[in-house]
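Contents: one structure, followed by commentary.
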Amino acid sequence: MRENGRVWTPESVFENQRRRDLVRAQDMEAGAFGFFQPFQSMKAWTRAEFLQDPAGRTEVFVRFSRSGLGDCFGGAGDIRGFFVKFYTRRGNYDVTGLNVPLFFIRDPLKYGDLIRALEPAAASCRPDPEKAWDFCSRCPETLNLIVRLLGEGGTVRDYGEMDGHGVNTFVWEADGGERRLVKYHFLSRRKKEAAAEASGADRDAAARRFYEALRLGEALEYEFAVQMMDLETAWGLEFDPLDCTKIWPEDRFPLVRAGLLTLNRNPEDQASQVGQAVFDPGSLVPGVSLSGDMMLQGRIFACADAARRRLGEDYQEIAVNRPAAKEEELPQEGEKEYAFCPPVYTADNLREPSPAFRIPGEADDFSQAAAYWRELGEEKKERLAAGAGRQLALCSPAVRERELELFWKTDRDLADRVRACLSGYGFSQ
């Protein structure tokens, strides 16, 4: 076929389509290589090899991605993936996270329903507020994240200035056998500019800015910080520390700066290095094990299964997923650590058979959301209420009333403001 003096063959058409697909993938996802170096030896808290020597360096690969999980809430908030692979001498250690420190749900059995609720409508391929808010109105644990999405607003403008959070809770073990619960945070050292407005914002610009900065030779740095909690403290808390819909207050569990993660090299091939990278929370190293976090326990099965389905049984042999460690350095059979002891699944949590974490008799899904609302300034409160009202106006009366009841249980002022916004759309209070 000839067009504008150029001959098109099936091969050239395929190559052109492949290039367009790669450009789209690069807009949706970004990745980079670099290294990690500890600030100090973390030997007092964990025997993980890559955290011992301040002079040592561990190669890393990081991928950022658009999750689309915030699109159904009118683009009021932007949820992005933040995934880190440490190529340690004891095998690969994967940390999977988001740019927010918590998640919608705590029970992995609800994950399929969450994805179906947040996927586009079948007829229009556009976000469906009715499905999303129907799910959230039936799951009070979503409130803590919803109010933060609506309160903060805006679109991530640059991955180089975006923080990452591990979301799930892990366990560190020191040489003496002492165990602590830990949460991970990756804090960008780059000056943070104001987030782009969600309405009409270019959601793919974050990947392009990130790629361009590395292409021009700029190194992007993130401080790796951890929050730690003794098991004795965990058993007496007023909230479940293994619940990924909760935040550990920094005034009670301060951030400990563990090291610096530096990204300095773009991938050479987007498809094979970024698109085929697998991040499995079950990929651990000695000194780190899984807690009884329900979502974490569910994801160690789901992530590996998804990788096998997408890339095949040998996905770990793909170059970006292959351990850098020598064969004799990898953990031997029986050495890999997973949890305090084999976890037991119950209807309300995954936890140790004995002793069990104290799970409150009645789950508190409102206190942290209420505290966040009360700390907001007037401008953010108005934006939160307006965003919720604008979206709930697109929903059925039953969904609106259920969600308004959850807002009322959070804070009466929040519910009153959302009702006032709804009245502006013609819905009576």
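The values are calculated or read from the model by the stated rules, or taken from the named source; none is laboratory data. Quick caveat: nothing in here was measured; it's all calculated off a predicted structure. Backbone-built Cβ (ideal geometry, glycine too); neighbour counts: all protein chains shown.
The table below lists the values:
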| item | result |
| --- | --- |
| Residue under evaluation residue 217, criteria (1) at positive phi; (2) touching a helix residue (DSSP H, G or I) at 6+ places or on another chain (Cβ under 8 Å), criterion not met | (2) |
| Flag for residue 252 being in a loop (DSSP other than H, G, I, E, B), of a type outside the set (A, V, I, L, M) and in the same structural domain as residue 62 (by TED's automatic domain parsing) | yes |
| Selection from segment 136-172 of residues that are within 14 Å of the chain's Cα centre (by Cα) and acidic (Asp, Glu) | 163 |
| Residue satisfying condition, being hydroxyl-bearing (Ser, Thr, Tyr) and either in a strand (DSSP E or B) or assigned by TED's automatic domain parsing to the domain that holds residue 382 (or both), within set 211, 184 | 184 |
| Count of segment 275-320 residues which are more than 21 Å from the chain's Cα centre (by Cα) and part of a helix (DSSP H, G or I) | 7 |
| Among residues of segment 216-240, those that are over 27 Å from residue 63 (Cα atoms) and within 20 Å of the chain's Cα centre (by Cα), counted | 1 |
